[in-house]
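Peer 1: Below is the structure I would like to discuss, written out as structure tokens.
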Amino acid sequence: MAVVATASLFGLSYLQVVLVAVLLVLVAAVVASGLRQNTPCLPPGPWGYPVVGIFPALGSQPHHALGRMAEKYGDVFRVKFGSRTVIILNGIDMVKEAFVKQAASFAGRPALYSFKQVTNGITFKTYSPSWVARKKITVGALKGFVNGRAGALTASAETMITDEAQELVRIFLSKSGQPVNPEEYAHTAVANVVCALCFGKRYEHGDKDFRQLLRNTEKFRQAIGAGNPADFMPWLRFFPNKNMKMFKEAMESSMQLFHKHINFHLQTYDSSVIRDIADALIYNMSENKEAGLGDDFVLECVIDIFGAGQDTVAQILHWVFLYMLVFPDVQARVQRELDAVVGRERVPALADESSLPYTAAVIHEIVRHTSAVPMSIPHLTTKDTQLNGYTLPKDTIVFANLWSVGHDRRIWGDPSSFRPERFLDPTGTALDAAAVEKNLPFSAGKRRCPGEVLAKQEMFLFFSILLHQCRFERVNGSAAPSLEATYGLVLRPQPYSMIARPRNIGRFCRKELPVV
């Protein structure tokens, strides 16, 4: 009755009084939050909005928005994602200070809602002795085949990548000069490399199961790329979530195919004949019984390797074609170098890389300019730690804006310009190793991408073989396609088409892997 009387006194309706009261409570909560956070121990940052934090301010390109915030607040600053306080790192110095110099202190993973929906070996699990053992086994198995495992029945990664690159050439040239959207073909080729490594088998591009697996990857990308606000605003979990539903459906569908392969390997495993990465994981698991790992570990690690080893490289390859259309002079210069060094009687090999500095520089510049992985997967501090004069409490969520590393004006001068020469030494005859080290496309520290070596081999071989054998042109002399990216876990180009034409190549036969 008192509330109603007060409302009458001020000429307000009961509903208006309630709304004003709610607004005052929210304002008080924001002020209190600001007072708590703007303490000497935490870095400064924008206040954000009640309940949702800075989400509305991020727009369609969050990495750009966070980069602009760094110009105001510094290379380490605080934001609110919903109800959670998050630390954002920008620039190579701050990322290395945290992830490399204090690697163990920043190696955790937050227990986010979406992470709990993923079956994986090391990517989303937090830092622990068990995680260290899992990573050691996973990286060891991967390295053995990437570097060429002696006595293995499965071909080396170089052979697999070369085979798939030449298959991609065959498919493009079979279009007889008709426009083609390269995204699906690039994705299929790169995913086949990972399948061959993991299972010793490849799929034909039209295989039903394989196409479903690639569709699942697309659903996973859409769900994660769109972000999951429920990770930071728990009350949203009680509402229908299209992205999370799509994510779960994709995971369940993919698991069926992975289970099929892993069960076959467990049933036919012979420790004297290591056929592929799945076998290597089984072997390493049995040799490390003290780690307490079960058969599910093999499945988790294969999912990890597949997830990390194909989408990023596939999108970079997708970007490669686009950049060659936008910068035809760069394409021509790469092809002149390839012809001079490799000739026309064979395709490029990894051994040629040091003799192809401009070709390598173009790859590095595409990786830097696109910053295809714009944000790191969130880290978590494992203890109270100091960073740039601030104290970050244990269990603080930390994101690295990896896009800011490749677009720091203090390092690159003109980061928005596409200029491959920035990665060449003053003579122009070799890569500038110092420039290469200034970019962190695979992140850094204990959470650095374990598939980095494989990814680098794929990027070089796909790029050099495709440019060696094909010329890529715009459709009907059209204007250059846009370099604007669509934001997600991995940045992807806007849809475009191209024409592939032969460069007077001879016939290169693709060595066959078993096909399922």
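The values are calculated or read from the model by the stated rules, or taken from the named source; none is laboratory data. None of the values given here were measured: they were computed from a predicted structure. Quick reminder, even Gly has a Cβ in these numbers, built from the backbone with ideal geometry, and neighbours come from all protein chains shown.
Peer 1: Consider the range 402-435. How many of its residues are within 24 Å of the chain's Cα centre (by Cα), surrounded by fewer than 19 Cβ atoms within 10 Å (Cβ to Cβ), more than 26 Å from Asp352 (Cβ to Cβ) and charged (D, E, K, R)?
Peer 2: 1
Peer 1: Please state which one of Pro56, Pro43, Pro50 is modelled with pLDDT of 90 or more, surrounded by 13 or more Cβ atoms within 10 Å (Cβ to Cβ) and either under 23 Å from Asp395 (Cα atoms) or not aliphatic (A, V, I, L, M) (or both).
Peer 2: Working: Pro56 fails: surrounded by 13 or more Cβ atoms within 10 Å (Cβ to Cβ); Pro50 fails: modelled with pLDDT of 90 or more.
Answer to the selection: Pro43.
Peer 1: List the residue pairs whose Cβ atoms are under 7 Å apart, where the first residue sits in the range 475-495 and is assigned by TED's automatic domain parsing to the domain that holds Leu66, the second is β-branched (Val, Ile, Thr) and not in a helix (DSSP H, G or I), and the two are 6 or more positions apart or on different chains.
Peer 2: Val475/Ile499; Val490/Val373; Arg492/Thr486; Gln494/Thr486
Peer 1: Tell me, which residue of the range 186-223 that is farther than 23 Å from Met246 by Cβ and touching a Leu at 6+ places or on another chain (Cβ under 6 Å) is modelled with the highest pLDDT?
Peer 2: Ala189
Peer 1: Oh, and also: Among the residues of the range 436-455, write down those that are surrounded by fewer than 21 Cβ atoms within 10 Å (Cβ to Cβ), closer than 28 Å to Gln166 by Cβ and out of contact with any Asp or Glu (no Cβ under 9 Å at 6 or more places or on another chain).
Peer 2: Within the range 436-455, Val436, Cys449, Glu452, Val453 qualify.
Peer 1: Give Val334, Val362, Val367, Val373 a once-over and let me know the one that is outside any helix (DSSP H, G or I) and among the aliphatic types (A, V, I, L, M).
Peer 2: Values: Val334 fails: outside any helix (DSSP H, G or I); Val362 fails: outside any helix (DSSP H, G or I); Val367 fails: outside any helix (DSSP H, G or I).
From the options Val334, Val362, Val367, Val373, the qualifying one is Val373.
Peer 1: Output the number of residues of the range 77-95 satisfying the condition of being over 22 Å from the mean Cα position of the chain (by Cα) and among the hydrophobic types (A, V, I, L, M, F, W, C).
Peer 2: Matching residues across the range 77-95 total 2.
Peer 1: It is to be established whether one or more residues within the range 148-156 are basic (Lys, Arg), assigned by TED's automatic domain parsing to the domain that holds Ala250, under 20 Å from the mean Cα position of the chain (by Cα) and crowded, with 16+ Cβ neighbours inside 10 Å.
Peer 2: no
Peer 1: Let me ask another. Can you tell me which residue in the range 233-284 is surrounded by the most Cβ atoms within 10 Å (Cβ to Cβ), limited to those that are modelled with pLDDT of 85 or more and outside any helix (DSSP H, G or I)?
Peer 2: Asp276
Peer 1: Quick check on the range 358-368. Is at least one of its residues of a type in the set (Lys, Arg), surrounded by 18 or more Cβ atoms within 10 Å (Cβ to Cβ) and under 17 Å from Lys96 (Cβ atoms)?
Peer 2: Yes, that holds for at least one residue.
Peer 1: Another question, then. Collect the residues in the range 290-327 that are outside any helix (DSSP H, G or I) and at pLDDT below 90, keeping them in residue-number order.
Peer 2: Those that are outside any helix (DSSP H, G or I) and at pLDDT below 90: Gly292, Leu293, Gly294, Asp295.
Every residue, every condition in (1) of a type outside the set (Val, Ile, Thr); (2) modelled with pLDDT under 95; (3) closer than 30 Å to Gly108 by Cα, yes or no:
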| residue | (1), (2), (3) |
| --- | --- |
| Arg336 | yes, no, no |
| Val341 | no, no, no |
| Glu345 | yes, yes, no |
| Thr359 | no, no, no |
| His369 | yes, no, yes |
| Ala372 | yes, yes, yes |
| Thr381 | no, no, yes |
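Peer 1: Considering Phe81, Phe124, which residue is modelled with pLDDT under 95, buried (at least 17 other Cβ atoms within 10 Å of the Cβ), in contact with a Lys or Arg (Cβ under 8 Å, 6 or more places away or on another chain) and under 27 Å from Trp235 (Cα atoms)?
Peer 2: Numbers: Phe81 fails: in contact with a Lys or Arg (Cβ under 8 Å, 6 or more places away or on another chain).
Only one candidate qualifies: Phe124.
Peer 1: Let me ask something additional. Select from the range 447-485 the residues that are within 30 Å of Thr159 (Cα to Cα) and of a type in the set (Gly, Ala, Ser) and write down the one among them that is farthest from the chain's Cα centre (by Cα).
Peer 2: Ser464
Peer 1: Based on this model, can you work out whether Phe399 counts as within 18 Å of the chain's Cα centre (by Cα), in the same structural domain as Arg134 (by TED's automatic domain parsing) and over 30 Å from Asn504 (Cα atoms)?
Peer 2: Taking the combined requirement at face value, the residue satisfies it.
Peer 1: Out of all the residues in the range 459-495, which are at pLDDT 95 or above, among the charged types (D, E, K, R) and outside any loop (DSSP other than H, G, I, E, B)?
Peer 2: Arg471, Glu473
Peer 1: For the range 383-425, how many residues are part of a loop (DSSP other than H, G, I, E, B) and of a type in the set (Val, Ile, Thr)?
Peer 2: Result for the range 383-425: 1.
Here is a yes/no grid of residues against (1) closer than 30 Å to His259 by Cα; (2) touching a residue at least 24 places away in the same chain (Cβ under 8 Å); (3) crowded, with 24+ Cβ neighbours inside 10 Å:
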{"position": "Asp304", "(1), (2), (3)": "yes, yes, yes"}
{"position": "Ala314", "(1), (2), (3)": "yes, yes, yes"}
{"position": "Phe327", "(1), (2), (3)": "no, yes, no"}
{"position": "Gln335", "(1), (2), (3)": "no, yes, no"}
{"position": "Val341", "(1), (2), (3)": "no, no, no"}
